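The values are calculated or read from the model by the stated rules, or taken from the named source; none is laboratory data. The structure presented is a predicted model; accordingly, all values stated were derived computationally and were not measured. Glycine gets a Cβ as well: all are built from the backbone with ideal geometry, and neighbour counts include every protein chain shown. Areas reflect the complete protein model, heavy atoms only, side chains present, ligands, DNA and RNA absent. Shrake-Rupley method; radii C 1.70, N 1.55, O 1.52, S 1.80 Å.
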Amino acid sequence: MAVEDVKISDVIIKTFSEKLRGVLETDVAIVGGGPAGLCAAYYLAKQDYRVTLFERKLSVGGGMWGGGIMFNQIVVQKEGNKVLEEFGVRTVEVEPGYYAADSVETVTTLASTACKAGARIMNLFSVEDVLTRDEEVDGLVINWSAVEIAGLHVDPVSISAKFIVDATGHAAEIARIIERKVGPKLLTPTGRVIGERSMWADVAEMLTLENTKEIYPHVFVAGMACNAVFGGPRMGPIFGGMLLSGRKVAELIGNRLQRLTKS
Ligand code: 48F
């Protein structure tokens with residue numbers, strides 16, 4: 001059967017418009033499609049919540065593709081390995097307690113599993129602001145990354161979300177937007193983003209998980225952004241903390257959504 005060029009366009013425009021309209025109201029909006037964001041998306045979608053993940057770049061995966069110094073291998077510890085096993089990523093215990101995985105297999109499996117569980121992944125979108133009612137954050141302001149990159153003067157659109165996850169990595173962009181625009185009212189010791197410290201993998205892994213929490217009413221932080229917000233160290237190419245943080249934020253928000261449904 002011959003295919004008509006204009007019909008191909010029509011199918012794309014029709015289905016994408018439906019997809020975009022479908023994310024206007026979401027239970028959880030995740031900003032950033034690195035390992036923490038992808039993991040959070042999967043565990044929330046698995047609980048049947050409406051989850052939308054916005055990723056600025058063409059591809060999701062964040063800092064995982066390149067492993068360490070572009071050697072496309074990642075390392076996780078025992079707890080992180082259990083998460084990878086749940087996703088079906090193949091790992092090898094190279095030294096006791098040090099598991100290695102192929103970074104490309106890991107990213108693609110996390111993304112595919114999150115999509116198949118029902119998470120909607122919107123790549124090429126940048127979150128440029130939060131939506132506020134007085135001081136309450138109840139959504140996000142989104143625009144095409146191409147608009148941002150080209151510096152075009154084009155207005156964004158908004159989406160509403162019951163909960164938001166800042167999984168933007170080192171930049172902690174959502175926390176910084178709230179600090180700048182709403183005020184120094186983050187749930188950190190100073191009310192501000194404290195800023196990431198130098199490399200110390202052991203402490204960083206522990207603190208990433210410990211600091212996966214609510215940083216402003218209805219706004220949570222996950223992954224490397226936890227360390228930027230709460231002043232934890234960075235950790236290099238060990239990714240267990242990212243995966244466990246994504247799973248933890250999904251549990252925390254899942255509990256809150258459950259309480260909302262009951263009340
Ligand atoms: O940086 P990233 O991979 O964050 P993560 O999930 O994992 C951190 C590790 O990759 C690594 C590490 C582990 O040892 O230290 O750095 O915490 O992924 C963050 C994603 O968020 C996107 C960005 O393009 C990246 O893919 N992002 C950042 N700001 C925005 C955004 C924004 N405003 N809107 C949309 N996407």
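Annotations
- For region 74-88 versus region 129-164, the inter-centroid distance based on Cα atoms is 34 Å.
- Reciprocal mean inverse distance between Cα atoms of region 110-182 - Kirkwood radius, Å: 13.6
- Put simply, the convex hull of the Cα atoms in region 79-142 casts, on average, a shadow of 6.7 nm².
- Sum of side-chain charges, residue 132 neighbourhood, beta-carbon under 11 Å (Lys, Arg +1; Asp, Glu -1): -3
- Those lysines that a straight Cα-Cα span of less than 24 Å connects to residue 7, excepting residues fewer than 8 apart in one chain: 19
- About the centre of its Cα atoms, the chain shows a dipole size close to 400 debye [charges on the beta carbon of Lys, Arg (+1) and Asp, Glu (-1) only; nearest 20 debye].
- Net length gained if the chain between residue 17 and residue 4 were fully extended (0.36 nm per residue, minus Cα distance): 2.7 nm
- Value at 222 nm in deg cm²/dmol, rounded to 500, when DSSP H runs of n ≥ 4 in the chain each add -39,500 (n - 2.57): -13000 deg cm²/dmol
- Largest to smallest accessible area among 182, 221 [probe 1.4 Å]: 182, 221
- Whole-Å semi-axes of region 41-116's equivalent ellipsoid (Cα gyration tensor): 23, 16, 9
- Descending by average beta-carbon neighbour count within 10 Å, the peptides 40-52, 58-70 line up as 40-52, 58-70, the highest first.
- When the listed pairs 57/248; 213/248; 57/213; 185/262 are checked against a 20 Å cut-off, the alpha-carbon distance exceeds it for 57/248; 57/213; 185/262.
- Accessible area per residue in Å² at 1.4 Å probe, computed on the chain: 51
- Counted by Cβ distance under 14 Å from residue 179, the other residues give a net charge of +1, where Lys and Arg count +1 and Asp and Glu count -1.
- GNM remark for the chain: springs join alpha carbons under 10 Å apart, and the peak mean-square fluctuation among 138, 166, 155 falls on 155.
- Computed with the Debye formula from one identical point scatterer per Cα of the chain, without solvent, the log10 of I(q)/I(0) at q = 0.12, 0.15 Å⁻¹ comes to -0.69, -1.06.
- Percent of C-alpha pairs per 10 Å bin, region 3-156, short to long: 10, 32, 32, 19, 6, 1
- Surface composition of region 213-263: carbon plus sulfur atoms contribute 52% of the solvent-accessible area (1.4 Å probe, protein chains only, all chains present).
- When the Gaussian network model of the chain links Cα atoms closer than 10 Å, the mean-square fluctuations of 233, 96, 35 top out at 96.
- For region 100-228, the Rg and Dmax computed from alpha carbons only, in angstrom: 16.1, 47
- Label positions at residue 86 and residue 190, each projected 7 Å from the Cα along the C-beta direction, are separated by 3.4 nm.
- Here the label points at residue 181 and residue 95, each 7 Å from Cα along the C-beta direction, are separated by 4.5 nm in the simple model.
- In region 158-263, inverting the average of 1/r over every pair of distinct C-alpha atoms gives 13.8 Å as the Kirkwood radius.
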